[in-house]
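The values are calculated or read from the model by the stated rules, or taken from the named source; none is laboratory data. Values in this document were obtained by computation on a predicted structure and should not be read as measured data. Quick reminder, even Gly has a Cβ in these numbers, built from the backbone with ideal geometry, and neighbours come from all protein chains shown.
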Amino acid sequence: MIGNSDPGSKFTSSQIREAARIGEQFTKLYYESMDKKRSVMGKLYKDEDSVLSWNGYGTKGSEAIVKYISELPSCDHELKSMDIQLLPDEAAPNQIAYLISTAGTVRYKNMKKTAFNQNFIISAEGTKWKIISDVFRLQETPTNMT
């Protein structure tokens, strides 16, 4: 699902189409970089303003985030779904910002494939989209649900 299906939404169909394009391009770049080119990950985060919550571990600033990500085992993500919402002005004053929610599976080196959810808030910095907030969580199946 992309955009706001609420008939009272103030977002136009062209804004929703643009959001879909941005979401698809951004997630493709992010997961390709994470899986194959971690050395460029620093370019995706907004300097010292960005925050990361990775499966319960938190850090702030692009340098610290890239250091943490670079220490993770090599991985391969398979994206199953992506949703993007244009944030209203009240949520991100004086800037265009999007909330991107993704879900899929990831396989870390020497580990089994595991489901994950990830949420990003991105905003424009010049002609580039930068991550302001990145929240990642591995999804374990509770033993009473198997």
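The table for this structure:
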item	result
Flag for LEU79 being under 30 Å from LYS10 (Cβ atoms) and either out of contact with any helix residue (DSSP H, G or I) (no Cβ under 6 Å at 6 or more places or on another chain) or at pLDDT 95 or above (or both)	yes
Hits in region 13-23 - residues which are under 16 Å from LYS128 (Cβ atoms) and not basic (Lys, Arg)	GLU18, ILE22, GLY23
Matching residues in region 6-59 - criterion: being more than 22 Å from GLU78 (Cα to Cα) and among the aromatic types (Phe, Trp, Tyr)	PHE11, TYR57
Among (1) exposed (fewer than 15 other Cβ atoms within 10 Å of the Cβ); (2) among the aliphatic types (A, V, I, L, M); (3) in contact (Cβ under 8 Å) with a residue 40 or more places away in the chain, the one test that ALA124 misses	(3)
Subset of region 76-102 (residues that are outside any loop (DSSP other than H, G, I, E, B), surrounded by 16 or more Cβ atoms within 10 Å (Cβ to Cβ) and not polar (S, T, N, Q))	HIS77, LEU79, MET82, ASP83, ILE84, LEU86, ALA97, TYR98, LEU99, ILE100
Enumeration of residues in region 48-75 that are without any contact (Cβ under 8 Å) to a residue 60 or more places away in the chain and assigned to a strand (DSSP E or B)	TYR57, GLY58, THR59, LYS60, CYS75
Every pair of residues 6+ apart whose Cβ atoms lie under 7 Å, when the first sits in region 99-117 and is closer than 19 Å to LYS36 by Cα while the second is surrounded by 13 or more Cβ atoms within 10 Å (Cβ to Cβ) and of a type in the set (Lys, Arg)	LYS113/ARG107; PHE116/ARG137
Filtered residues of region 37-47 (kept if in a helix (DSSP H, G or I) and either loosely packed, with under 12 Cβ neighbours inside 10 Å or in contact with a Pro (Cβ under 9 Å, 6 or more places away or on another chain) (or both))	SER39, ASP47
